[in-house]
1. Only one of these is over 25 Å from residue 141 (Cα atoms) and assigned to a strand (DSSP E or B): 259, 180, 171. Name it.
2. Among the listed residues 127, 153, 96, identify the single one that is touching a Gly at 6+ places or on another chain (Cβ under 7 Å) and not aromatic (Phe, Trp, Tyr).
3. Could you list, in sequence order, all residues of region 104-124 that are closer than 20 Å to residue 189 by Cβ and buried (at least 20 other Cβ atoms within 10 Å of the Cβ)?
4. State all residues of region 68-96 that are closer than 25 Å to residue 304 by Cα and either at pLDDT 95 or above or crowded, with 21+ Cβ neighbours inside 10 Å (or both); if no residue qualifies, say none.
5. Output the residues belonging to region 142-160 that are over 19 Å from the mean Cα position of the chain (by Cα) and in contact (Cβ under 8 Å) with a residue 24 or more places away in the chain.
6. What tally of residues in region 250-261 results from selecting those that are farther than 17 Å from residue 203 by Cα and either buried (at least 21 other Cβ atoms within 10 Å of the Cβ) or free of Cβ contacts under 8 Å to residues at least 12 places away in the same chain (or both)?
7. Would it be correct to say that residue 124 is modelled with pLDDT under 95 and under 20 Å from residue 195 (Cβ atoms)?
Amino acid sequence: MFSSWQGGAGVIRAIAVMTAVTGVLAVGGVATADVAREACTYRPTRLPGMPGEANDFAYVTSTDGADHFAGMGYRGPAEEVTSHVGVVWKDGRVVGEFGGLSTVSDVNRFGTAIGGTEAVEPLLLHGGRLSRLGRPPGNTRYFAQASAINDAGLIIGGAKFDDGTEHAVAWSADDPRNPWDLGVTGRAWALKDISDSGQIAGTVQAGTRTRAVTGTVEAGLTPLGGVDPNADSSATDVAGSFVLGKGTIPGRAAGWVLWRDGVPSPLSTTATLQDVNGSGVVVGHETTGGVPTSAIVLNGATRTVLPPLPGYRHADAFVVTEDGRVAGRSHDGQYFRSAATVWTCL
């Protein structure tokens, strides 16, 4: 499939005409709100921190939608962590790590994970082996970042080129040294997520505005409809027929939007939303005084607050699996008190 990309020419063309398209973009319909679904009672369980370390400081930031979780662990004594480490969990234990001063962005169902270093060097954990992702020509001085990977091993991300322009980039986990330059987007970290069917969610620059976009590497990216083209919009996550992001639906205030098959529905919430699954379940957190305090689940019209682990005051939710498990962290609003947490619906 990768031989048909031709350097991402389709994406380049789509982005090049984005500003022209914006002015004539048709506003689609607005989805009606779902009825209330049955609420779950969630039980939190802890994922371990780094093996052999005295501290349990860890949190989950991504999932394959099934058995793997990925996120951050720390090395060092209980009250003096010294190095953050990108980690991968499966079946409640750490099965992979990215080394000191690293982060992890995503993991697929085969345990292949992507991440990077503090120097923003993109990394791949594949078949138990850690390696660098190749940088495209023209990206030698600034960052390159892998954002998401699907089960086919297709990786998307971005890079700042030596001339100062921001480009969308893609890789194959089977050929990680040879990236595809998908064209100028005008936005750092433009491509945010990719589904197993290859659908991309992201944000590009269109004149003075940002645009929520979706599409594929082969077909290119197009603006998501139903939101005001004269206001900023963004897309951050995709699963099945759903895309999560922000925008202004005509007649409503700007806010969170959930597109289903391209039709937007407003999400009336003050929370910061992080992830959606293929059933349209959305997770995130409420913030009080600048501190994330309450992990929440939005399931149709039903809103559920998740309990932190015993001994902790607060919780954040970052990801949701296809079977409805939620993962993130329990914490006290303090740097040294954070435990990776998975919530299961009873």
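1. 259
2. Details: 127 fails: touching a Gly at 6+ places or on another chain (Cβ under 7 Å); 153 fails: touching a Gly at 6+ places or on another chain (Cβ under 7 Å).
Unique residue meeting the criteria: 96.
3. Kept after step one, since they are closer than 20 Å to residue 189 by Cβ, are these residues of region 104-124: 104-108, 113-124.
Once the filter is applied, which keeps residues that are closer than 20 Å to residue 189 by Cβ and buried (at least 20 other Cβ atoms within 10 Å of the Cβ), region 104-124 yields 104, 105, 106, 107, 108, 113, 114, 115, 116, 122, 123, 124.
4. Kept after step one, since they are closer than 25 Å to residue 304 by Cα, are these residues of region 68-96: 68-71, 92.
68, 69, 70, 71 - these are the residues of region 68-96 that are closer than 25 Å to residue 304 by Cα and either at pLDDT 95 or above or crowded, with 21+ Cβ neighbours inside 10 Å (or both).
5. Just the residues of region 142-160 that are over 19 Å from the mean Cα position of the chain (by Cα), to begin with: 142, 160.
Hit for region 142-160 is 160, nothing else.
6. Number satisfying all stated conditions: 2.
7. Details: modelled with pLDDT under 95: no; under 20 Å from residue 195 (Cβ atoms): yes.
Here the answer is no, as residue 124 does not meet what is asked.
Each row is one residue, and each column tells you yes or no for (1) touching a Gly at 6+ places or on another chain (Cβ under 7 Å); (2) crowded, with 18+ Cβ neighbours inside 10 Å.
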{"position": "282", "(1), (2)": "no, yes"}
{"position": "287", "(1), (2)": "no, no"}
{"position": "296", "(1), (2)": "yes, yes"}
{"position": "301", "(1), (2)": "no, no"}
{"position": "305", "(1), (2)": "no, no"}
{"position": "317", "(1), (2)": "yes, yes"}
{"position": "325", "(1), (2)": "no, yes"}
{"position": "329", "(1), (2)": "no, yes"}
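The values are calculated or read from the model by the stated rules, or taken from the named source; none is laboratory data. Note that the structure is a prediction, hence the values are computed from the model and not measured. Positions of Cβ are backbone-derived with ideal geometry, glycine not excepted, and every protein chain shown enters the neighbour counts.
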